[in-house]
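The values are calculated or read from the model by the stated rules, or taken from the named source; none is laboratory data. Remember, it's a predicted structure, so these values are computed and weren't measured experimentally. Neighbour counts are summed over all protein chains in view; Cβ atoms, including those assigned to glycine, are modelled from backbone coordinates with ideal geometry. Ligands, DNA and RNA are excluded from the accessible area calculation, which covers all protein heavy atoms including side chains. Shrake-Rupley method; radii C 1.70, N 1.55, O 1.52, S 1.80 Å.
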Amino acid sequence: MGEQTPPLPYPFTSDEPLELSPLYVGLRAGPLCRVRLPYGEDAWLVTRYADARAVLSSPQFSLAAGTGRDQPRMRPYSFSGTGLLSTEGPDHSRLRGVVARHFSARRIDQMRVRMQEVTQELVDRLQESGPPGDLVQDFASPLSRIMIFDLLGVPEKGRDRVQKCLDAVLGYNVSAEDFTAQAESYLTYLTDVVELRRQKPREDLLTCLLQAREEGRLTQDELFELTSELLIGGFSTIYHQISNFLYLLLRRPEWLQRLREHTSDIAGAVEEMLRYVPLPNGLIFPRYATQDIEVGGALVRAGEPVLVDMSAANRDPAVFSDAETLLLEREPEAPHLSFGYGAHLCVGRQLARLELQIALRTLLGHMPGLKLAVPDSGMRWKTEAILKGPHELPVHW
Ligand code: HEM
């Protein structure tokens, strides 16, 4: 059926930076469709919520089977998952067991005081040096960087360098040479950091990973892959979302005011913005069918890749009423899929939630009169990168 129609070029674009293409509306009404990314094999695309959950939780779809395949991707070189996102079954449970307790709700709650302090310091510094200010470079980026680096136990020295490497590695328009150079520089940095922590253990996540290595619960490669995965996953995602959420709120001053007056609504507003904002820009880790299987009205053959578009599923009208509208007061009909679903559900979701909530609460509470300093037409968006977000968010107050 769908196999005969030519694959659609993916990702679909939209005129508005944080909107979804209108194409999705029609796609959700039909069976799974075929899509073609700039590189790699064609894939099936899942856009409906029920199909997304079915694929993400089914043992008949394998993430690890993508290793060594010509995976659908945005760049000529591969950006497949490492660590947790490339393992399954007992190996995945073993790796997850090593890190999961550091991300439990209780452990993350213990970070609340430090997170609040860091956030407040950044707000104080913004106020001392401005107006104007840039909420990406002066707020969102340093906040998420400090929190994840502190949690891991990465020393202060060299943090700027690693951020540059990560920004380059996450961009789509970086040349293959630059990508390799930055990736190598990043690896050297990680090696130095791991060695430093081996010599000087502390009470941090990296020390625990090293201990797990010594006890034979991790291989050396796994130690590096996990550290890298946590650093990338923990830094870039949160800082882009803080920026995106602030942008949405700044465009609607009445929302800012409402959240200032009802701070207890901030947690719910964060969940709704997580549902609504499509963060990944073409970066989806494909699942491979391990046998012929029917999904969403299409027969997926054994060995074929399936891409689950979680942003599209989050706006499925079969699940969410008025799904295309951001409703800060929404009583959600179902949990959003922005942190994934099933075995690979995001390890850092509690950290992300707390950080997003504290960032909004502190900024709104201490900066009355906060407003965008440029018109919409003056905003520059990262269209050529793995994650969506503004380059900068200039504000006045
Ligand atoms: C707003 C912030 C974040 C978003 C939207 C997000 C999103 C996701 C999603 C969608 C997945 C599942 C991918 C898949 O199944 O294909 C995932 C997995 C993962 N995330 Fe996050 N994430 C965020 C923050 C974080 C943070 C703060 C960390 C770590 C400190 C983190 C670490 C990970 C790891 C290690 C996995 C792999 C889990 C596994 O395979 O078992 N993420 N994330």
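Quick look at the numbers
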item: Region 61-116: number of residues that are more than 11 Å from the ligand (Cβ to nearest atom), crowded, with 16+ Cβ neighbours inside 10 Å and closer than 21 Å to Gln291 by Cβ; result: 4
item: Every residue from region 111-130 that is touching a residue at least 24 places away in the same chain (Cβ under 8 Å), in contact with a Leu (Cβ under 9 Å, 6 or more places away or on another chain) and farther than 19 Å from Glu203 by Cβ; result: Thr119, Val123, Leu126
item: Any hit, region 138-145, residues being under 23 Å from Leu387 (Cβ atoms), crowded, with 19+ Cβ neighbours inside 10 Å and charged (D, E, K, R); result: yes
item: Tabulated pairs, region 204-231, first farther than 13 Å from Arg96 by Cα, second buried (at least 20 other Cβ atoms within 10 Å of the Cβ) and charged (D, E, K, R), C-beta under 7 angstrom, 6+ apart or interchain; result: Leu206/Arg197; Thr207/Arg197; Leu210/Arg197
item: Filtered residues of region 185-215 (kept if among the acidic types (Asp, Glu), surrounded by fewer than 13 Cβ atoms within 10 Å (Cβ to Cβ) and part of a helix (DSSP H, G or I)); result: Glu195, Glu214
item: Qualifying residues in region 353-377 (those that are of a type in the set (Lys, Arg) and surrounded by 18 or more Cβ atoms within 10 Å (Cβ to Cβ)) - the one farthest from Met111 (Cα to Cα); result: Arg361
item: Among the candidates Phe224, Phe285, residue that is out of contact with any Gly (no Cβ under 6 Å at 6 or more places or on another chain) and within 16 Å of the ligand (Cβ to nearest atom); result: Phe224
item: Residues located in region 335-352, provided they are near the ligand (Cβ under 7 Å from one of its atoms), in a loop (DSSP other than H, G, I, E, B) and surrounded by 18 or more Cβ atoms within 10 Å (Cβ to Cβ); result: Ser338, Phe339, Val347, Gly348
item: Which listed residue, of Pro31, Pro17, is touching a strand residue (DSSP E or B) at 6+ places or on another chain (Cβ under 6 Å), farther than 23 Å from Trp381 by Cβ and open to solvent by 20 Å² or more (accessible area, probe 1.4 Å); result: Pro31
item: Number of positions in region 353-385 that are within 16 Å of the ligand (Cβ to nearest atom) and assigned to a helix (DSSP H, G or I); result: 8
item: Conditions (1) without any contact (Cβ under 8 Å) to a residue 24 or more places away in the chain; (2) closer than 16 Å to Arg94 by Cβ; number of the one not met by Pro201; result: (2)
item: Residue under evaluation Val55, criteria (1) open to solvent by 20 Å² or more (accessible area, probe 1.4 Å); (2) not in a loop (DSSP other than H, G, I, E, B), criterion not met; result: (1)
